[in-house]
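This report concerns only the one structure given below.
The values are calculated or read from the model by the stated rules, or taken from the named source; none is laboratory data. All values derive from a computational prediction rather than experimental measurement. FYI the Cβ positions are ideal-geometry reconstructions off the backbone, even for glycines, and counts take in every protein chain you see. The area values use the complete protein model at the heavy-atom level, side chains included, leaving out ligands, DNA and RNA. Shrake-Rupley method; radii C 1.70, N 1.55, O 1.52, S 1.80 Å.
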Amino acid sequence: MGKISTSDFQKGMFIEYRNDIHQITEFQHVNPGKGSAFIRTKLRNVKSGNAFEFTYKSGESVNEVSVYTREMQYLYKDESQYYFMDKSSFEQYSLSKNLIGSFGNYLKEGAQYQIYIHDNRPIGLRYPKKVKLKVSEADEATKGNTVGGAKKTVKLESGAAVQVPLFIKKGDLIAVNPDTGEYLERVNE
Amino acid sequence: MSTWKKWPHDEKIRQTYYIREELNFLIRKFFRNKKFHEVETPILLPALIPESYYEYFKTHLLDRNLQKKTLFLSASPESSLKKLLTAGFGNCFEITKSFRNTEIGSNIHNPEFTMLEWYMVNADYKNSMDLLKNLFQYLIVNLRKKKLLPHFKGNLLPYNNLEIDMSRWEKISIRKAFNKYCGIDFNSLVDKNANSDNDIFSVSLIKTIARKKGYLVDRKNTWEEIFNQIYLNEIEPNLGIDHPTIIYDFPKPLAALAKLKSDNKLFAQRFELYIGNLELADCYTELDNWQEQQIRFDNDQYLRKKCKKYEITPDSEYIAALKKGLPDSSGVALGIDRTVMLFAGVEKIQDTLFFPLDY
């Protein structure tokens with residue numbers, strides 16, 4: 001546990017709030033009518049998955065929680081949990097749906113992901129900047145329009161829907177930004 | 001991708017722009033119908049009304065010998081417009097760009113933004129509440145006529161998962177809001193028997209309340225900083241949710257350039273308007289007492305020094321204008337970009353601007 005200030009905040013960081021570990025999912029600066037500046041933060045309780053907002057005074061002191069990451073393989077999911085396996089120890093861990101958040105739409109069974117660990121407990125999944133997924137469903141493209149920038153919606157093997165250029169077809173492997181859900185590029189296998 | 005590059009393929013960007021275009025036209029028509037004159041005042045100013053919270057953009061005027069003179073980009077047309085009022089100009093309005101430095105890293109701020117500011121003479125903030133409501137009703141009726149509000153149904157304006165009843169405007173005082181949303185009796189935050197403002201708005205009283213609620217407080221915090229933190233966490237999230245909210249009568253430390261209430265000097269004749277949880281407008285009954293204004297200038301200069309904000313030249317011409325006499329008047333500052341956000345159903349101010357500043 002290290003003491004940091006709001007100016008050290010980074011998206012994805014873990015901090016202590018009211019004696020519980022929370023992840024900072026978003027933050028932005030707020031300037032009310034007078035005097036000082038504030039940081040409005042979106043926090044997620046890693047135990048309950050409960051998400052809410054808290055506004056800190058700018059420069060306020062906060063305890064950062066140190067975590068390390070361990071690579072694990074994603075196995076499967078049920079109504080409330082996602083299951084991962086540590087390939088070296090074969091131990092299985094689960095993370096609740098609300099800790100995975102929207103990234104659940106981009107998980108591919110069998111793929112490796114970085115899991116945040118604290119006190120030997122998994123507390124979150126580190127979103128990679130880019131995921132590579134196959135297009136499982138796509139309408140026929142109209143005549144290869146690469147210039148216009150027009151888009152169509154396709155479905156990915158993980159279940160997510162994404163807006164892509166018209167030339168993308170079923171079976172193509174594409175890269176997507178899991179944070180924004182935006183198409184990045186087509187990938188050669 | 002920058003907003004302007006999205007123009008060819010993004011219907012939403014186009015709709016948002018057409019709403020802004022129509023809004024500019026309707027605002028001018030509304031004020032022309034009410035016989036307000038439109039004015040243009042400078043963005044480049046040699047002196048400012050010192051406000052402790054703004055960071056200003058600073059630049060230099062070079063004379064023919066390349067001698068430098070500091071100029072600032074105005075954060076609001078207020079001082080210029082009120083000078084015109086003291087010269088007997090009468091009801092007026094301006095649509096202009098205002099500049100606030102450091103206001104980056106936010107979905108609802110752009111350091112350069114568009115402001116509508118108007119002043120009505122022989123009026124106070126209560127008259128402004130009525131005029132502001134009329135303006136919004138006028139905008140809605142006419143935007144609907146042009147089919148620019150396709151999702152508006154009955155009296156409900158949809159915005160960001162909310163359905164805002166535009167026919168029912170809520171008015172709540174800060175004092176009542178503290179009671180309703182924080183469970184705090186405002187009297188517990190002030191010592192009415194004290195003499196100076198610093199003692200009346202006692203930082204130790206408000207710290208006690210804040211600590212009880214689990215906020216972290218330290219020696220550097222001011223009464224107003226702690227007040228703001230409680231306000232931002234517990235009151236603001238409730239404003240303008242189901243209907244527009246006018247929150248009024250701000251405590252004296254947040255009076256800015258508003259006159260104090262005649263029946264209660266602890267509060268100022270100031271209100272803010274929230275719609276869709278967006279803070280859209282700020283209004284005062286304008287302070288006309290030049291001695292009181294000078295005291296506030298000095299206090300803000302002191303706070304600016306304390307917070308290590310850079311030096312600005314205080315606007316002595318403004319004080320001189322107040323000495324001449326400001327008619328009883330009330331002004332409103334309305335953020336046009338945020339109003340566009342509201343009507344276009346857009347959650348980031350950057351999506352209402354072709355060239356937003358972002359880093």
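Just a yes or no: is a residue in the stretch B:272-284 surrounded by fewer than 19 Cβ atoms within 10 Å (Cβ to Cβ), outside any strand (DSSP E or B) and more than 14 Å from every other protein chain (Cβ to nearest Cβ)?
Looking through the stretch B:272-284, none of the residues is surrounded by fewer than 19 Cβ atoms within 10 Å (Cβ to Cβ), outside any strand (DSSP E or B) and more than 14 Å from every other protein chain (Cβ to nearest Cβ).
Scan the stretch B:252-263 residue by residue and report those that are open to solvent by 10 Å² or more (accessible area, probe 1.4 Å), over 25 Å from B:PRO237 (Cα atoms) and in contact with a strand residue (DSSP E or B) (Cβ under 8 Å, 6 or more places away or on another chain).
Passing the criteria: B:LYS259, B:LEU260, B:LYS261.
Every residue in the stretch A:21-51 that is open to solvent by 50 Å² or more (accessible area, probe 1.4 Å) and either in contact (Cβ under 8 Å) with a residue 40 or more places away in the chain or more than 8 Å from every other protein chain (Cβ to nearest Cβ) (or both), please.
A:GLU26, A:PHE27, A:LYS42, A:LYS47, A:SER48, A:ASN50, A:ALA51, listed by residue number.
Can you pull out every residue in the stretch A:61-79 that is away from every other protein chain (no Cβ under 14 Å) and closer than 25 Å to A:TYR17 by Cα?
Listed by number, the residues that qualify are A:GLU64, A:VAL65, A:SER66, A:VAL67, A:TYR68, A:THR69, A:ARG70.
Matching residues to (1) assigned to a loop (DSSP other than H, G, I, E, B); (2) within 12 Å of another protein chain (Cβ to nearest Cβ):
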position	(1), (2)
B:THR59	no, no
B:ARG64	yes, no
B:THR70	no, no
B:SER79	no, no
B:LYS83	no, no
B:GLY90	yes, no
B:LYS97	no, no
B:ILE104	yes, yes
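Looking at the stretch A:74-82, can you tell me whether even one residue there is under 17 Å from A:MET13 (Cβ atoms) and in contact with a strand residue (DSSP E or B) (Cβ under 6 Å, 6 or more places away or on another chain)?
no
I'd like the full set of residues that are open to solvent by 100 Å² or more (accessible area, probe 1.4 Å) and at negative phi, limited to the stretch B:145-156.
B:LYS145, B:LYS146, B:HIS151, B:LYS153
Return the pairs, sorted by first residue and then second, in which the second residue is among the aromatic types (Phe, Trp, Tyr) and part of a helix (DSSP H, G or I), the first residue lies in the stretch B:298-315 and is open to solvent by less than 80 Å² (accessible area, probe 1.4 Å), the beta carbons are less than 6 Å apart, and the residues are 6+ apart or on different chains.
B:PRO314/B:PHE297
Could you tell me how many of the residues in the stretch B:169-222 are open to solvent by 50 Å² or more (accessible area, probe 1.4 Å), among the acidic types (Asp, Glu) and in contact (Cβ under 8 Å) with a residue 24 or more places away in the chain?
Number of matching residues: 1.
Within the stretch B:286-311, track down each residue that is modelled with pLDDT of 85 or more and part of a loop (DSSP other than H, G, I, E, B).
Scanning the stretch B:286-311 gives B:LEU287, B:ASP288, B:ASN289.
Have a look at B:LEU232, B:LEU260 and point out the one that is without any contact (Cβ under 8 Å) to a residue 60 or more places away in the chain, under 24 Å from B:THR339 (Cα atoms) and among the aliphatic types (A, V, I, L, M).
Within the list B:LEU232, B:LEU260, the selection yields B:LEU232.
Filter the stretch B:218-256 down to the residues that are polar (S, T, N, Q) and facing chain A (nearest Cβ under 10 Å) and list them by number.
B:ASN221, B:THR222, B:ASN228, B:GLN229, B:ASN233
So, in the stretch B:106-133, of the ones that are part of a helix (DSSP H, G or I) and open to solvent by 40 Å² or more (accessible area, probe 1.4 Å), which residue ends up nearest to the other protein chains (Cβ to nearest Cβ)?
B:LYS126
Of the numbered conditions (1) surrounded by fewer than 15 Cβ atoms within 10 Å (Cβ to Cβ); (2) modelled with pLDDT under 90, A:LYS170 fails exactly one; give the number of that condition.
(2)
Got at least one residue in the stretch A:143-165 being in contact with a Lys or Arg (Cβ under 7 Å, 6 or more places away or on another chain), farther than 29 Å from A:THR6 by Cβ, open to solvent by 40 Å² or more (accessible area, probe 1.4 Å) and part of a loop (DSSP other than H, G, I, E, B)?
The answer is yes; a qualifying residue exists.
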